[in-house]
Each structure stands twice: as structure tokens, then as C-alpha cells.
Amino acid sequence: MKTTLETTANPLPEELTFLAERLTAFNDSDVGASERKALAVFVRGEDGAVVAGISGYTAWGWLYVQWLWVDERLRGQQMAGNMLAAAEQEAVARGCRNAWIDTFNPNAAKVYQRQGYQPFGTLADFPVGRSRIFLRKNLSPA
């Protein structure tokens, strides 16, 4: 088979879907079905607009929080903690026993630690001048 190598900043959505489907099929055959399912928590203002939210997924018994954002006007009001608690509760209902999140913001890392997340790794200079911190939390009752 003759092949070519292509690098692009503009992949076609259907090609990304193809990759996701192939990798999912491989992983399912390798370690079992992930049962990946999206999970989001939103906080809405009086007008219905999103003023804070979490986006992530559950898979292989883990909750992964990919994005967590709180409008500047609501910071310092335990909004992140409340959203994390709601996401964790749903994750437990889905059978998850653990959760993980990452950040390069030291203040966010402190918020996550107050919620019971513990650092398990870092990547220095990601981005330059900061460290990306990876944190996990056991969701199983003690």
C-alpha cells in the first residue's frame, strides 16, 4: 500500500469522526467498552444564559471534567464546588468510582483540592511559565 503523510490545521469533521470511531473500536476490543457518555452541568442566569458550566464525560468508571468555567461575577461563591458535586453525583449514579481534572491555573487547582481532588502529576511549562496539574478524586464511599 502506497501512503502519503498529510499535516493540517483544518481536518474535515468526517475524518475526525472516522478516527474517533476507529480508536473507539480498537479500545473496546482491547480493554472493553468504555460506555462513554457526555456529562454537563450548567448554571443559568435569570435570562437563561449560561453563567457557569462543566463539560466532560464518564468512561471506564471514571468522570473526566474537561472544561469548567465560572463567570467572573460568580467566582468566590463556591459555584465550581457545587457544579463538581453535581457532576460527581451523576457520575456515581453512572457507576463511576473516580474522577480526574487538569488545570494550569494555580487558583483553580486550590479550588479542586478543597473539593477533595489530589494532585497526581504535573507537566512543567505547559503553557510556558506554568505547570499543568492533574488531579484525581476517589468517588467511592470510604
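The values are calculated or read from the model by the stated rules, or taken from the named source; none is laboratory data. If you're wondering where the values come from, they're calculated on a predicted model, not measured in any experiment. With ideal geometry, Cβ positions are generated from the backbone for all residues, glycine too; neighbour counts draw on all protein chains shown. When the accessible area is computed, the model is the full protein with side chains, heavy atoms only, and any ligands, DNA or RNA have been set aside. Shrake-Rupley method; radii C 1.70, N 1.55, O 1.52, S 1.80 Å.
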Open item on the list: Could you go through region 61-69 and let me know if any residue there is modelled with pLDDT of 95 or more, on the phi > 0 side of the Ramachandran plot and surrounded by 14 or more Cβ atoms within 10 Å (Cβ to Cβ).
Closed with: yes
Open item on the list: Being among the hydrophobic types (A, V, I, L, M, F, W, C), buried (at least 16 other Cβ atoms within 10 Å of the Cβ), assigned to a strand (DSSP E or B) and in contact (Cβ under 8 Å) with a residue 24 or more places away in the chain: is that true of V111 here?
Closed with: no
Open item on the list: Under 7 Å between Cβ atoms, which residue pairs at least 6 apart in sequence (or on different chains) link something in region 27-50 that is touching a residue at least 24 places away in the same chain (Cβ under 8 Å) and over 19 Å from N82 (Cβ atoms) with a partner that is part of a loop (DSSP other than H, G, I, E, B) and open to solvent by 100 Å² or more (accessible area, probe 1.4 Å)?
Closed with: S34/W60
TODO: Answer yes or no: is there a residue in region 32-51 that is part of a helix (DSSP H, G or I) and open to solvent by less than 50 Å² (accessible area, probe 1.4 Å).
DONE: no
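On the basis of being surrounded by fewer than 16 Cβ atoms within 10 Å (Cβ to Cβ), part of a strand (DSSP E or B) and on the phi < 0 side of the Ramachandran plot, does Q77 make the cut?
Working: surrounded by fewer than 16 Cβ atoms within 10 Å (Cβ to Cβ): yes; part of a strand (DSSP E or B): no; on the phi < 0 side of the Ramachandran plot: yes.
The answer is no for Q77.
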TODO: Spot the failing condition for A142; the list is (1) at pLDDT below 95; (2) among the aliphatic types (A, V, I, L, M); (3) in contact with a Cys (Cβ under 7 Å, 6 or more places away or on another chain), and only one is missed.
DONE: (3)
Open item on the list: Name the residue that is least open to solvent (accessible area, probe 1.4 Å), counting only residues in region 114-142 that are among the charged types (D, E, K, R) and more than 18 Å from L39 (Cβ to Cβ).
Closed with: R132
Open item on the list: Every residue in region 80-137 that is within 24 Å of V43 (Cβ to Cβ) and among the polar types (S, T, N, Q), please.
Closed with: N82, Q89, T103, N105, N107, Q113, Q115
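Is there a residue being at positive phi and either touching an Asp or Glu at 6+ places or on another chain (Cβ under 8 Å) or at pLDDT 95 or above (or both) anywhere in region 98-111?
Within region 98-111 (the criterion being at positive phi and either touching an Asp or Glu at 6+ places or on another chain (Cβ under 8 Å) or at pLDDT 95 or above (or both)), the answer is no, since none of the residues qualifies.
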